[in-house]
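Colleague: My structure is below; once you've seen it, I'll send some questions.
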Amino acid sequence: MSKTITLTIDDRKVTAPEGEKLLWVALENDIYIPNLCAIKEEGRPSASCRLCFVHVEGLPAPVTSCTQAVREGMVVKTRTPQVDRLVRTAFELLLSDHRLKCSTCPQNRSCELQKIARARGLKLKLKRFKSLGKEYPLYESPGLFTFDRSRCVLCGRCVWVDHEVAKVGAIGFARRGLKRMVTTFGNIDLDASSCTECGLCVKACPVGALNFTGEQSSEKDG
Amino acid sequence: MQGVTKRHYVIISKGDVFVLKPSENEKEIIIEHVAEILGGWRADRENLIPILQDVQDRLGYLPGVAMEKIATAMDIPAVDVFGLATFYNQFRLNPPGDHQFKVCMGTACYMVGGNIAMDSFKRRLSIGEGDTTPDRKFSLERVVCVGCCSIAPVVVVDDMIEGKVTPTRVDGILLAFEDKHQKKDDNKGNQGQEGV
């Protein structure tokens, strides 16, 4: 497992332990691949955001780099017309289910979506798709954070830290398809649930769905 | 449609919230049944769906206390069980009513106004899709095609199929049940008096 191999990403030779997932190898070597749902410690990636597509020579279609293990002599391109098209569509679909009012968003300038848009030359505007315009009531915890589902991109990072790091199990996914949402058991408010207000999920949120309020509002970044 | 403004729609779905809470007495019975069902399975996550199916077969729905009990037995967060139960359409979180209305929203029924029939039921019963009235007499569900598209829009009332359902027909269906209940109540009343 600890065998070191060499592969080529965007004409650069990099070394990595065999079996490591391509996404993490690229990121460690300062080659940015857009990603939202990826969690390094997670055994089986959910591969649900569909943003980390790359082209691997020899494979017929682009693959998600979070699920692709690196092999000796692998040749990877992070940008091809096919990859860009897939990423653009996935990104636009995410935006169609996201409240796009960056100027009023507490996460403005440190939002992962903005970072992806900048890196890939994508617009934070909807052209092809209509906004779903879902409106959920804003949840405000007593003095610590707010939860705005209208800005949630369903990456699952908050659910993962809640389950695996905080070991609380207060939040999870519910419903299916366009109605999918992060919620508590029985859809009750967080303060009535088993939530301990540890704040780990707020730190994990890559977009403006979970935000600290008050004094801690500057604690969250990246 | 309800809750729709020009550009935004608000997601209203009460069907996956525990609107009707079981009484203490019911809770005990539920927990007994669930414990019995859990005894027949290895408490492993891969058995979660079949266990939930068994519980629903036995109780008619998945009460919150049942889900919590199952989660404890499997040592997983209750919210994961909830997530699974709300993911699949086959599971219901509220007890079925004595009489069930299943409004067809298949393509044919939808095109000729299945949603109008659905809205009529919602309005008349003051409940949403997947809900049960507080007196547990009626419950409302959406189904997709019951196989008689020629008489669309179709509503399945208990096991009877009603075709070409207009809002007036909805009123008629409900009135018939009200009459029936009225008669039953009257009979009960009379018997009671005779008893005295």
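Colleague: Determine the distance separating the Cα centre of the range A:149-172 from the Cα centre of the range A:29-87; give it in Å without decimals.
Modeller: When both Cα centres are located, 23 Å separates them.
Colleague: For the protein assembly as shown, what is Rg from Cα atoms divided by 2.2 N^0.38 Å, rounded to two decimals?
Modeller: Ratio of Rg to 2.2 N^0.38 Å for the protein assembly as shown: 1.19.
Colleague: Now, a different point. Given just the C-alpha atoms of chain B, how large is their convex hull per residue in cubic angstrom?
Modeller: About 161 Å³ per residue, rounded to a whole number.
Colleague: Still on this model: Where does each of A:R120, A:R128 land when they are ordered by accessible area, with a 1.4 Å probe and the largest first?
Modeller: Per-residue accessible area, sorted high to low, gives A:R128, A:R120.
Colleague: Taking Cβ-Cβ under 4.7 Å as the only way to count a partner, pick out the unpartnered cysteines of chain A.
Modeller: Result for chain A is A:C52, A:C66, A:C102, A:C105, A:C111, A:C152, A:C195, A:C198, A:C205, no neighbouring Cys Cβ within the cutoff.
Colleague: Kindly provide the pair-distance distribution of the range B:24-87 built from C-alpha pairs, with 5 Å bins from 0 and whole-percent values in order of increasing distance.
Modeller: The percentages, shortest bin first, are 4, 20, 36, 27, 12, 2, 0.
Colleague: Looking only at A:E42, A:E112, A:E140, which one moves most when chain A is put into a Gaussian network model with springs between Cα atoms under 10 Å?
Modeller: A:E42
Colleague: Hey, for a label at B:V146 modelled as a point 7 Å past Cα toward Cβ, could you say which residues of the range B:73-102 have their backbone N under 12 Å away?
Modeller: B:100-102
Colleague: Please give the peptides A:194-200, B:79-85, A:150-156 ranked by average Cβ packing (other Cβ atoms within 10 Å per residue), highest first, as a rough proxy for protection.
Modeller: Those peptides, ordered most packed to least, come out B:79-85, A:150-156, A:194-200.
Colleague: Mean-square fluctuation check for chain B, GNM, Cα pairs under 10 Å: which of B:A35, B:A176, B:A108 is largest?
Modeller: B:A176
Colleague: Could you tell me what percent of the DSSP beta bridges with both partners in the protein assembly as shown are antiparallel, to the nearest 5?
Modeller: About 75 percent, rounded to the nearest 5.
Colleague: Given a Förster radius of 30 Å and the C-beta distance between B:T107 and A:S131 as r, what FRET efficiency does 1/(1 + (r/R0)^6) yield to the nearest 0.05?
Modeller: 0.70
Colleague: Would you mind calculating the relative contact order of chain B from Cα pairs under 8 angstrom and at least 6 residues apart, reporting the percent as a whole number?
Modeller: So the answer I get is 19 percent.
Colleague: With only Lys, Arg, Asp and Glu charged, each at its Cβ (+1 for the first two, -1 for the last two), find how big the charge dipole of the protein assembly as shown is about the Cα centre; round to the nearest 20 debye.
Modeller: Here the protein assembly as shown has a charge dipole of around 2260 debye.
Colleague: Next question. Test of understanding: express the Cα radius of gyration of the range A:4-80 as a ratio to 2.2 N^0.38 Å, with N the residue count.
Modeller: 0.98
Colleague: Assuming R0 = 45 Å, what is the FRET efficiency of B:N25 and A:L100, from their Cβ-Cβ distance, to the nearest 0.05?
Modeller: 0.35
Colleague: Got the relative contact order for chain A handy, in percent, Cα pairs under 8 Å and 6 or more residues apart?
Modeller: Worked out over chain A, it gives 17 percent.
Colleague: Springs between alpha-carbon pairs under 10 angstrom, Gaussian network model over chain A: which of A:A209, A:A38, A:A69 fluctuates most?
Modeller: Maximum among the listed residues: A:A69.
Colleague: Determine the shape class of the range B:86-134: with a ≥ b ≥ c the square roots of the Cα gyration tensor eigenvalues, call it rounded for a/c under 1.5, and otherwise prolate if a/b is greater than b/c, oblate otherwise.
Modeller: oblate
Colleague: Just going by the charge dipole of the protein assembly as shown, with Lys and Arg at +1 and Asp and Glu at -1 on Cβ, which of B:F177, B:I30, A:L86 is farthest out on the positive end?
Modeller: A:L86
Colleague: Okay, moving on. Are there cysteines in chain B with no second cysteine's Cβ under 4.7 Å away, and if so, which?
Modeller: For chain B, the answer is B:C145, B:C148, B:C149, because their Cβ atoms have no other cysteine Cβ under 4.7 Å.
Colleague: Let me ask something else. For the range B:24-87, build the charge dipole from Cβ charges (+1 Lys, Arg; -1 Asp, Glu) around the Cα centre, then report which of B:I70, B:I51, B:F87 sits farthest towards its positive end.
Modeller: Looking along the dipole axis, the top candidate is B:F87.
The values are calculated or read from the model by the stated rules, or taken from the named source; none is laboratory data. Only a predicted model underlies this, so the values are computations on that prediction, with no experimental measurement involved. Ideal geometry is used to build each Cβ from the backbone, glycine not excepted, and the neighbour counts take in all protein chains shown. Keep in mind that these areas ignore ligands, DNA and RNA; they rest on the heavy atoms of the full protein, side chains included. Shrake-Rupley method; radii C 1.70, N 1.55, O 1.52, S 1.80 Å.
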